[in-house]
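Working notes, structure below.
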Amino acid sequence: MSQLHKHTRVASVCAAALLLAGCGGGGSGDENTASTGELRTFTYEDTIDPELLDPFKAEHPGLDVRTATFESLDEAAAKITSGFSTDVIEVCLDEAAPLLADDLLAPIDTSKLSNWNDLSPTFRDADGVTVDGNVVMVPVSSGPHGIIYTTEAFPDGVDSYTALFDPANAGKVALDGGWLTALSDAALASGITDPISMTDTQVEQMKDKILAAKGQFRTIAGSDSDMANLFKSGEVVLADGGRGTAQQINEGGGAVTWVAPKEGTLSWVCGLGISADAENVDAAYSLIDYYISKPAQAITGDLGYVITNPTALSEVSEEYRETADPAAVKGTIPQVEPKNAEVWRSAWQEIEAGG
């Protein structure tokens, strides 16, 4: 997507906001409260992409939106329990346990979200959106997780997770920094067809597989931007990752291809929740409602992600409409929290420590 395209998209969204008195499609709570004061967010970096967030800021000029980012929900939960405060927090279904274990999320009143009923049941009813009868997160985006490679380095293409472990690619491979994705990729490369259901023993075996190939991987990428920079600098030519990350790399001047590996494709779902200690609750609802509105979802689709509100599909640029369609994750392996997640987390800590 060109910078001109991005600026045109933001301008058109903000113009619509002025005409309709709200990009979020209705807002929630008291409008004055939702548009003034301070709103704090704690999310992954790509969630506060200026193209997504700036229209909301333009709609609420009196609201001081303060953003902070994290690299994993384990890190986020640790910071919040140590006293870090936020109103809105990103929640991904595959790693929400630390937030739930310490009651860090407030129940969400979906009647305050004018766009809630427009969400696809695939995401609205996904495991983990509702916990103990309470909605704890609002799905905002999704996407498949597969393989990214530079076209120049692999003119014949790559179609298997085994390429990540092929000695011929040693030193030019990066691993995505998610504990569930990396260990699942190793499992799929080893012939395990249902990685999320791995036994404790299998998780340990995948840990050993990654550690044994330690020299294979140049680094573990901490974020999408990290991964994009690794490809841009030429340090890596192959990695596991999402389609949106590949698009980000190409928009930055790279030439990579994203592929769904033959062993199967993982898929993630992330969204926004309200912190249990939120102070500006009205503004939190307003922001969340905006993120699932047609204008914001169209931007999400143009950024390379699968949208959760299918009513916005017609507003996604034609070139991205197919990949933004919720049907794009049909038949994939949902990334949900494994029952033995603590074993996974422990294994990943050992990998990050180098064994």
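All of the numbers you see were taken from the coordinates with simple rules; none came from a lab. Because the structure is predicted, anything quoted here is derived from the model rather than measured. FYI the Cβ positions are ideal-geometry reconstructions off the backbone, even for glycines, and counts take in every protein chain you see.
Couple of notes before you dig in:
- Inter-label distance, nm, simple model (7 Å from Cα along the C-beta direction), GLU45/SER111: 4.2
- Relative to the Cα centre, the charge distribution of the range 213-322, modelled as +1 at Lys and Arg Cβ and -1 at Asp and Glu Cβ, gives a dipole magnitude of about 500 debye.
- Listed values (1) 19.9, 60; (2) 18.6, 54; (3) 21.3, 81, entry calculated as Rg and Dmax of the Cα atoms in Å: (1)
- Point-charge dipole on Cβ atoms (K/R +1, D/E -1) for the range 80-152, about Cα centre, debye to 20: 180
- Extension gain, ASN229 to ASP132: 0.36 nm times the residue separation minus the Cα-Cα distance gives 30.8 nm.
- Pairs from the list LYS172/LYS209; LYS262/LYS339; LYS214/LYS339 with a Cα-Cα gap above 21 Å: LYS262/LYS339; LYS214/LYS339.
- In the chain, excluding the sites themselves, the longest stretch lacking any of the GluC sites (Glu not before Pro) that are in a DSSP loop with at most 14 other Cβ atoms within 10 Å is 1-151.
- Gain in span if fully extended, THR162 to THR257, counting 0.36 nm per residue against the direct Cα distance: 32.5 nm
- Spin-label zone in the range 71-90 - amide nitrogen under 16 Å from a point set 7 Å from the Cα of GLU352 along the C-beta vector: 71-82
- Dipole magnitude of the range 272-321, debye to nearest 20 (Cβ charges: Lys/Arg +1, Asp/Glu -1, about Cα centre): 180
- Qualifying trypsin sites (Lys or Arg not before Pro) in the range 193-271, DSSP loop, other Cβ atoms within 10 Å at most 14: LYS262
- FRET E, pair ALA276, ARG321, Förster distance 41 Å, beta-carbon r, rounded to 0.05: 0.60
- Each of PRO61, SER72, LEU105 was scored by the projection of its Cα onto the charge dipole of the range 57-138, and the greatest displacement toward the positive side belongs to PRO61; charges sit on the C-beta of Lys, Arg, Asp and Glu.
- Long-range amide H partners of ALA68 with built H, under 5 Å: THR41, PHE42, THR43
- Qualifying trypsin sites (Lys or Arg not before Pro) in the range 266-355, where qualification requires a DSSP coil assignment and no more than 16 other C-beta atoms within 10 Å, comprise LYS330, LYS339.
- Set of aspartates and glutamates near LYS112 by C-alpha distance (under 17 Å), chain-local residues within fewer than 8 positions excluded: ASP30, GLU31, ASP87, GLU279, ASP282, ASP289
- ASP200 paired with SER314, simple spin-label distance in nm, labels 7 Å along Cα-to-beta-carbon: 5.5
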